Amino acid sequence: MNDLKYALRALLKSPVYAAIAVVTLALGIGLNTAMFSLMNTMFLQPLPFQDSSSLDRVFRVTPGNDSGDLSSGDFIDLRAAETGVAEFAALRDQTDTLSEVGLTTELERSLEVSDNFFDVLKLRPEIGRSFTPKDGAAGSPGVVVISNALWRSRYNSSPDVLGREVRLGSQPYSIVGVLPEWAVDGRLLRGTSLVRPMRLSSVERTSRSDPWMRVIGRRAPGVKREAAAALVAAVGQRMAHENPKDDATASWATHDLAGGTGNQSGRIVVALLIGLSTCVLLIACSNLANFVLARAIERSQELSVRSALGASLFHLIRPLALESLILSVAGGFCALIVNFWCTGWVSAQAIASGDSAIHFSVDWKVLSVAGLSAAMTAIVFGTAPALLIARINVQRTLKSGMRGATSGTAHTRMRNILVVGQFAMAMTLLVGATYLVRGADHLLSQNLGWNSSDVALGELNLPKAKYDSPEKILAFQRELRLRLGRIAGSDSVAVAYSFPYGGGMGQRKYQVDGKEAPAKGAGSSAGYNGISPDYFKVIGGRIIAGRDFTDADGAASPRVAIISEALARVLFPDGDAVGRRIRDSDGGNAPWLQVVGIAADLRFANFYENPVEYQVYHPIAQEPWQYFEFAVRSSPAALKSVVAGLRPAVSAIDPDLAVEGVMTGERRVELTYFDLGMLKHMLAAFALLGLFLAALGIYGAIARMVANRTPEIGIRMALGATTGNVRKLILTSGLRLALTGAIIGLLGSIGITKVLGSIMRGLPSNLVPIAADSAIILAVVAVIASYVPARAASRINPLDAIRGE
């Protein structure tokens, strides 16, 4: 207890040192804990369902995708093969327009699920009931289970909601249940407001060409994951044998459902952030180790006197170790504040991106990481004084003062190693941040072949029950284009499967008429898009040869296509593309499309996927989809009014429809790159903090070196050395440490850039200029941090220095 009081008094006598130590530890531990909280929330926390460890996710693994979905036919066969090992359920994300008399029409996120979905999860509604096999049968009355949040916001938690009739799309549904609040936990059911039974047609029950089902399973009691995985793999092998056209290159695998709800890129990014935040923590630890080492050196005479009076090594180390422990505990508590701030910022960013808030829970795992980090930092930076004290020469220290404890090369080497380590980790952080910042700026500034300014966007998903034929879809799209064109300020209007401001295009491989189709897996893929006339006018693209589509290119007209300039060069190297014919080479008896135009190349705003170099466009009227996007190009002054007019234009045609994604083109691009910007800011913050701590470390090391070499510097100046010579000597020492650390940090830099480049395809590939610039920044920081002690050294009075020696 006396030692503890002594340690507290010693820290109170050095408030600046104590404050710097606590703040440094709080930032290092807090960042690390916040990143672990993110991983814990997204991947490690068990799902809230009963016996969630028995829940698995089934993936269809192909050479291009290791976490794909299953087709509806595959799911039917998997359920037939359950044989008591596991029970499987399917789900699909949807959006539905929710409407009813007296209330506003809203667009809600929904799930379409197999009738056993709630049974597999062992999830019971808070009120009402779940689904039965009868609910999934064709012709049965429509039923829906709603989320607790929707129940509260739309129906004021009224128990009378059960049996209430609503319309989803244009079809009547009866509310039969309300989910408990905890069920929508941010992963499997994140943001879901409506859950309705999946009803597969006879065609869908045998279809294998379109993998769109997410499949989950619950293992029977006593069945291990390996047994269920073997069953799933065996069914996948049988499907590959029986359906080689669609499944020859696919295999099936299972993963824990809690860890399988996110995508692989997300897991890599979170793991990367944890690694980089650990770098910041290690820089903080090594920095504090240097400070504690200097503090122990300042007390070397006191320690030598105590040792001479009979104090053991344990008694000498104990008060200093208690100081480190006190600082670590204080830093750990303050780190929780930093953790709350960081996770709050991440949640706010999620809301700003249009997603729902992420609710971070501080459970035993998070608290354990914070406590373990605090304990480890106490050990790491508390080891430095112990090593010093063990090496103190008592007689020499008592004779020569403080320099007796510091004149050995071992202590100097220890301080230098800590500084070099700080700059190595700072180099890794700085290169990673610079790589991402430059890559983001490059992606946002490059000309992708389109213009997002003065464009208003929206998305629609027409309900199949009401728009059940191509004629009905096309009639709606024609009327929509007319009404959008009448909005004041509207210049041009188009509808398409997708616009290049976000997302991506589906891909197909094309065969030229008169040439052999490319072998399976060979040939270049081209993105395909169904578009209306004026598409290129709306996006700011251009036709460089041939013609654009017109309204005459309808369903009954000859099939036509426009191809990109790059694809024209590949398919038609003779330069004569217009008038030739192509078709989907994997589409069986797909119709031939006559090329009527060549469009300038463009790329979609997407950094997670490899850019699609080639594009094929066909009239949307010749292959209409229920889901499509629409866009209006307007004058700059009218853009706001045009955006406001999109929903009324749709409601005038069908009041049961709600428009999703109403925004400007520039806002869509911003949201597309939102993850990139968020990661850029986080890495930049890590790099700046690491750089600041490294600068603080080299300042302390150089200042200590100047104190140790004061007599030497005095002798040099007495022998004729100028102040410039002395400053150069000190600055060179600091610069040498920084550059040594930068060279070592290159190894980590290569690793982080490879990881980022594998996730985000549009980032730069040349690391040399980035590494060179980062090394220059580190060198400048080292020179600036070394300048103050170098200036102090140049002002040493030679006589005073020699007299002190």
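Observations on the model:
- Against the list (1) within 27 Å of VAL338 (Cα to Cα); (2) at pLDDT below 75, the condition ASN708 fails is (1).
- Residue match in region 182-192 (condition: of a type in the set (Phe, Trp, Tyr) and within 19 Å of ASP115 (Cβ to Cβ)): no
- When LEU484, LEU460 are checked against the criterion of being surrounded by 15 or more Cβ atoms within 10 Å (Cβ to Cβ), over 25 Å from ARG199 (Cα atoms) and either modelled with pLDDT under 95 or not hydroxyl-bearing (Ser, Thr, Tyr) (or both), a single residue qualifies: LEU484.
- Contact annotation: residue pairs with Cβ atoms under 6 Å, 6 or more positions apart or on different chains, pairing a residue in region 362-377 that is under 14 Å from LEU44 (Cα atoms) with a partner that is of a type in the set (A, V, I, L, M, F, W, C) and in a helix (DSSP H, G or I), are VAL369/PHE36.
- Flag if LYS515 is modelled with pLDDT under 90, closer than 23 Å to ARG559 by Cβ, assigned to a loop (DSSP other than H, G, I, E, B) and open to solvent by 20 Å² or more (accessible area, probe 1.4 Å): yes
- Number of positions in region 201-229 that are at pLDDT below 85, of a type in the set (Lys, Arg) and either exposed (fewer than 13 other Cβ atoms within 10 Å of the Cβ) or not in a loop (DSSP other than H, G, I, E, B) (or both): 1
Here is a yes/no grid of residues against (1) closer than 21 Å to GLU226 by Cα; (2) open to solvent by 10 Å² or more (accessible area, probe 1.4 Å):
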residue	(1), (2)
ALA18	no, yes
PHE43	yes, yes
PRO48	no, yes
ASP56	yes, no
ASP66	yes, yes
ASP74	yes, no
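- Cβ-Cβ under 9 Å pairs, at least 6 apart or on other chains, region 130-150 side without any contact (Cβ under 8 Å) to a residue 60 or more places away in the chain, far side among the hydrophobic types (A, V, I, L, M, F, W, C) and open to solvent by 60 Å² or more (accessible area, probe 1.4 Å): ASN148/TRP182
- Criterion: buried (at least 22 other Cβ atoms within 10 Å of the Cβ) and not in a loop (DSSP other than H, G, I, E, B) - qualifying residue of VAL437, VAL431: VAL431
- Flag if LEU78 is closer than 30 Å to ALA694 by Cβ, in contact with a helix residue (DSSP H, G or I) (Cβ under 8 Å, 6 or more places away or on another chain) and part of a helix (DSSP H, G or I): no
- Selection status of ASP185, more than 23 Å from PRO133 (Cβ to Cβ) and touching a residue at least 12 places away in the same chain (Cβ under 8 Å): yes
- Counting only strands (runs of 3 or more DSSP E) that sit wholly inside region 571-632, those with at least 2 residues that are over 25 Å from ASN461 (Cβ atoms) and either at pLDDT 80 or above or not aromatic (Phe, Trp, Tyr) (or both) are 581-584, 593-599.
The values are calculated or read from the model by the stated rules, or taken from the named source; none is laboratory data. The structure displayed is predicted, hence computed values, not measured ones. A quick note on method: Cβ atoms are made from the backbone with ideal geometry, for glycine too, and the neighbour counts reach across all protein chains shown. Remember, those area values only see protein heavy atoms, side chains included, never the ligands or the DNA or RNA. Shrake-Rupley method; radii C 1.70, N 1.55, O 1.52, S 1.80 Å.
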